[in-house]
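Below you'll find the structure, written out as structure tokens, and then a few comments.
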Amino acid sequence: MVIAFIGSVFSPYYARALRMGLADPLDHCAINVALYGKGGHHWAMTERTGRDLSRDESHFTLGPSSLTWDGTTLTIRIEERTAPHRLRLAGTVRLTPELLPEQVFELDAAGRHTWRPIAASARVEVDIEQPGQRWSGHGYMDSNHGTRPLKDDFIAWDWARGATTKGPVILYDVARRDGSALNLALGLGADGMLERIAAPAITALPITPWRMRRATRCDAGQRARVTATLEDTPFYARSVVTTRFIGEPVTLMHESVDLDRLQMRWSEALMPFRMPRRV
């Protein structure tokens, strides 16, 4: 998994700058790389300032790593150091979208936060030089944009994405700070666009070792099972979930976020161990 941030939303340094009224999102950028496999889990998320950033409509370069779009394929070149052990994490990821629906969804009633599933379905080629992994398979790419801190407008969310024989499915359940909720269940329409589909009931998943609540949706009378917890933190969990959805078995990449927990000072104090800052 690779995420490029401008204004790193989970950054403890950005949070402190916001409290001081000195926050420039360009001073809090990062490329997060998470690699899971038989050789173990590898995580990199070094925060850098705008001095290390170069970007335009087709490229994003931050320090030694970059993302480049040539009109058909996104090429990600990774040259990072893991946290906390500072081991080299380097290689190339190529993502070629099968679909480009060009749809944007507003996550809050005021339209201050938007989410765009850029490539709901894609082919991915992964060639990691260090620590050494190579594979290809099914992938996904999206983008989020906001004009205010997430904690100001949201309490928590559960998100999941999986592939079915009918195409990709995406689930997004958001608890807003104003007491309202957004519940999205999206599937692939005949025209190649994502469209709302009937959302089955929410089912609770086991709480994480950090006591985080998480949930997803599955067909009536079926169970959802966590087969792996890939990331377990006080405010964020990333999991692999197997269940049945729209009548067939599906494996979901799932995430849960608790923004009230993110704001706790003890939680913020732990984050620099996983998110070092380079200035």
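Any read-out appearing in this document is the output of simple, stated calculations on the displayed coordinates, not a laboratory observation. Bear in mind that the values here come from a model prediction, so they are computed numbers and not experimental data. Counting neighbours? That spans all protein chains shown, and the Cβs are built from the backbone with ideal geometry, glycine included.
In percent, what relative contact order does the chain have, based on Cα pairs under 8 Å that are 6 or more apart in sequence? Working shown, then result.
Working: 634 pairs, mean separation 36.0, N = 279.
With pairs under 8 Å counted, the relative contact order is 13 percent.
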Packing-ranked peptide list from 48-59, 76-87, 233-244, highest mean Cβ count within 10 angstrom first, is 233-244, 76-87, 48-59
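Using Cα pairs closer than 8 Å and at least 6 residues apart in sequence, work out the relative contact order for the stretch 47-133, in percent.
Values: 156 pairs, mean separation 17.9, N = 87.
RCO, the stretch 47-133: 21 percent.
Return the FRET efficiency for the residue pair R16, E248: r is the Cβ-Cβ distance, R0 is 41 Å, and the value is rounded to the nearest 0.05. Mind showing how you got there, number by number?
On the way: r = 47 Å, r/R0 = 1.14.
So the FRET efficiency works out to roughly 0.30.
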Under 20 Å from a point placed 7 Å out from the Cα of A220 along the Cα-to-Cβ direction: which residues of the stretch 234-267 have their backbone N that close? 243-250
From a point 7 Å beyond the Cα of E125 in the direction of its Cβ, which residues of the stretch 48-79 have a backbone N at a distance under 16 Å? 68-78
Answer in debye to the nearest 20: the dipole magnitude of the stretch 2-278 about its Cα centre, from +1 Lys/Arg and -1 Asp/Glu charges placed on Cβ, is 940 debye
Determine ³J(HN,Hα), in whole Hz, for all residues of the stretch 236-242 in sequence, where each value follows from phi through the Karplus function 6.51 cos²θ - 1.76 cosθ + 1.60 and θ = phi - 60°; x replaces Gly and Pro. 9, 9, 10, 9, 9, 10, 10
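If N is the number of residues in the stretch 201-257, what value comes out of its Cα radius of gyration divided by 2.2 N^0.38 Å? Don't skip to the end; give the middle numbers.
Values: Rg = 11.0 Å, N = 57, 2.2 N^0.38 = 10.2 Å.
With N residues counted in the stretch 201-257, Rg over 2.2 N^0.38 Å equals 1.08.
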Could you give the spread of the C-alpha atoms of the chain along their three principal axes, from largest to smallest, in whole angstroms? 52, 40, 36
